[in-house]
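The values are calculated or read from the model by the stated rules, or taken from the named source; none is laboratory data. For clarity, every value in this text was computed on a predicted model and none was experimentally measured. Backbone-built Cβ (ideal geometry, glycine too); neighbour counts: all protein chains shown.
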Amino acid sequence: MSSTRAVRYRKLALAAKVKADADLLLMLADECDRCEERRAEGEGEMSELDPTPELPDSIPIREVRFPTQIKDALFAAGLKTVGQVRTISDEALLALPVFGAASVTHLRHTLGSVVDRRS
């Protein structure tokens, strides 16, 4: 194959790649527009629940409104439900990174604990 032909094929391949990339960008832009429209209409958003002692133990913590730092620490510790958060000891919570006494107090005040719920 001549070098002129090879250069031509490379240019055609590059043009096809650029077109495919452009098509993908247009598709993503359309999806972003649809997401913006749904968000403006209040669709597609997961509403978080306020943390209260009345929440069932089976509620996933991802569905509860906690400060991001607390939620991230709970996820990192492998805690997935409100019930698990209620039953873990204060000492275990304090051992979590970036988790201090204020975070434990906030959790116990908002969610309660197993002891609080029995009384």
Fill in: Counted residues, the stretch 91-114 - those being small (Gly, Ala, Ser) and touching a residue at least 24 places away in the same chain (Cβ under 8 Å)
3
Worksheet item: What single numbered condition from (1) at pLDDT below 85; (2) more than 18 Å from the chain's Cα centre (by Cα) fails to hold for GLY44?
Response: (2)
Item to complete: Sort out for me the helices (runs of 4 or more DSSP H) sitting completely within the stretch 57-104 that have 1 or more residues that are within 13 Å of the chain's Cα centre (by Cα), modelled with pLDDT under 90 and surrounded by fewer than 17 Cβ atoms within 10 Å (Cβ to Cβ).
Response: 68-76
